Amino acid sequence: MDFPIRKIVHIDMDAFFASVEQLDNPALRGKPIAVGGGSERGVVAAASYEARKYGVRSAMSGRQAKKLCPELIFVSSNGARYREVSEQIREIFHEYTDLVEPLSLDEAYLDVTQNKKEMISATQIAEEIREKIEQKTKLTASAGISINKFLAKVASDYNKPNGQKTIPPEEVLDFMEVLDIRKFHGIGKVTADKMYRQGIYTGADLKARTLEDLTSRFGKSGQYYHNVVRGIHTSEVKSVRIAKSVGAERTFTKNLSSEIYMEERLEEIVKALQKRMGKKKVAGKTVTLKIKYSDFIIQTRSKTLPFYISDGSLILEEAKKLLYQETLQDSVRLLGISLSNFKSEKKQEPIEEQLKLLF
């Protein structure tokens, strides 16, 4: 393989928020529960495995979740408690390596190519970490182990919950060829459906397409698909993740159908956004307005300026222009504003050294 080979572990907690709630409240154990989604317009943040059997998923409206599972129990989110447990888990990660890249409170990448315990086997490291997590928190985690972040992420979903899978270098290409493209990290439902319609069902089907064909059909993403199916993904584990955007949003108790009323809400959202920007000390060029309609369809409108801005009044001015950019499709249940395209730091050079590794 003519690309960097590393030992990457992806740890993903099993139904984390819901599992924490069941841990803290024994009465909820073994029952279908959903974190969030209990209000009239609520959205499910997480679902226990008992609820998932009925088709309940995160980002689903509470109303729909209740239809699928009439016995569903809604519990309020407890962010402070989730962060507390997450910190305990990350302490375990750092026993093995400082190259830890958290994706959220419940999952992270670890580069264990060189590790503090000088262990040869990444598979053994993942097993130890999962055991320690269960001993310390009474919660279970799943893991994926492979030569890059993409493959480790795919592998961690393979034997969920409370399992792990290793894809060693010599098995990467065979594994990718039989993998359903719906299981490819980075290929969403819409793209997967499009690929199915074009006769692309597995990695082998994807690999058979030329780079030119993929880029003509999928734009810049075509290069990504062309590479990952061949096991090529050179993104490094970064211990300090730089936020690509800062945003704030609000869901309304009643749908709004007039831009005039929405302007008032935009002012409130910008105030919340400025507080977050102040903490991160950032300035960006791109302002994005997010609109979620009453039927849950999401639309985004963006504008990139020729200069960096951080002032709330300027952000608000651009957000209002985006609001009136085109006619609304329906009444609106949520508005959000984000700032992105920050001043970027100098990128590190890719690692060229190839390693012969025991997984």
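The values are calculated or read from the model by the stated rules, or taken from the named source; none is laboratory data. Quantities reported herein were computed from a predicted structural model and do not represent experimental measurements. Positions of Cβ are generated from backbone atoms using ideal geometry, with glycine treated the same way; all protein chains shown enter the neighbour counts.
Modelled with pLDDT of 95 or more and either not assigned by TED's automatic domain parsing to the domain that holds Leu139 or not β-branched (Val, Ile, Thr) (or both), is that true of Ala192? Against the criterion (modelled with pLDDT of 95 or more and either not assigned by TED's automatic domain parsing to the domain that holds Leu139 or not β-branched (Val, Ile, Thr) (or both)), Ala192 does not qualify.
Only one of the numbered conditions (1) surrounded by fewer than 21 Cβ atoms within 10 Å (Cβ to Cβ); (2) of a type in the set (S, T, N, Q); (3) touching a Phe, Trp or Tyr at 6+ places or on another chain (Cβ under 8 Å) is violated by Ser146, and that is (1).
Looking at this structure, is Gln325 surrounded by fewer than 17 Cβ atoms within 10 Å (Cβ to Cβ) and either assigned to a loop (DSSP other than H, G, I, E, B) or assigned by TED's automatic domain parsing to the domain that holds Phe184 (or both)? It is true that Gln325 is surrounded by fewer than 17 Cβ atoms within 10 Å (Cβ to Cβ) and either assigned to a loop (DSSP other than H, G, I, E, B) or assigned by TED's automatic domain parsing to the domain that holds Phe184 (or both). Annotation: of all residues in segment 235-273 being over 24 Å from the mean Cα position of the chain (by Cα) and of a type in the set (S, T, N, Q), the one that is nearest to Gln329 (Cα to Cα) is Ser257.
Among the residues of segment 130-169, those that are without any contact (Cβ under 8 Å) to a residue 40 or more places away in the chain and in a helix (DSSP H, G or I) comprise Glu131, Glu134, Gln135, Val154. With the structure loaded, tell me whether Val282 is buried (at least 18 other Cβ atoms within 10 Å of the Cβ), modelled with pLDDT under 90 and touching a strand residue (DSSP E or B) at 6+ places or on another chain (Cβ under 6 Å) or whether it fails that test. So Val282 fits the description; yes. Within segment 54-102, being assigned to a loop (DSSP other than H, G, I, E, B), touching a residue at least 40 places away in the same chain (Cβ under 8 Å) and of a type in the set (Gly, Ala, Ser) holds for Ser76, Ser77. When Gly199 is tested against the conditions (1) free of Cβ contacts under 8 Å to residues at least 60 places away in the same chain; (2) of a type outside the set (Asp, Glu); (3) surrounded by 14 or more Cβ atoms within 10 Å (Cβ to Cβ), the lone failure is (3).
Across segment 328-359, which residue is modelled with the highest pLDDT among those that are over 20 Å from Phe252 (Cα atoms) and not in a loop (DSSP other than H, G, I, E, B)? Result: Leu339.
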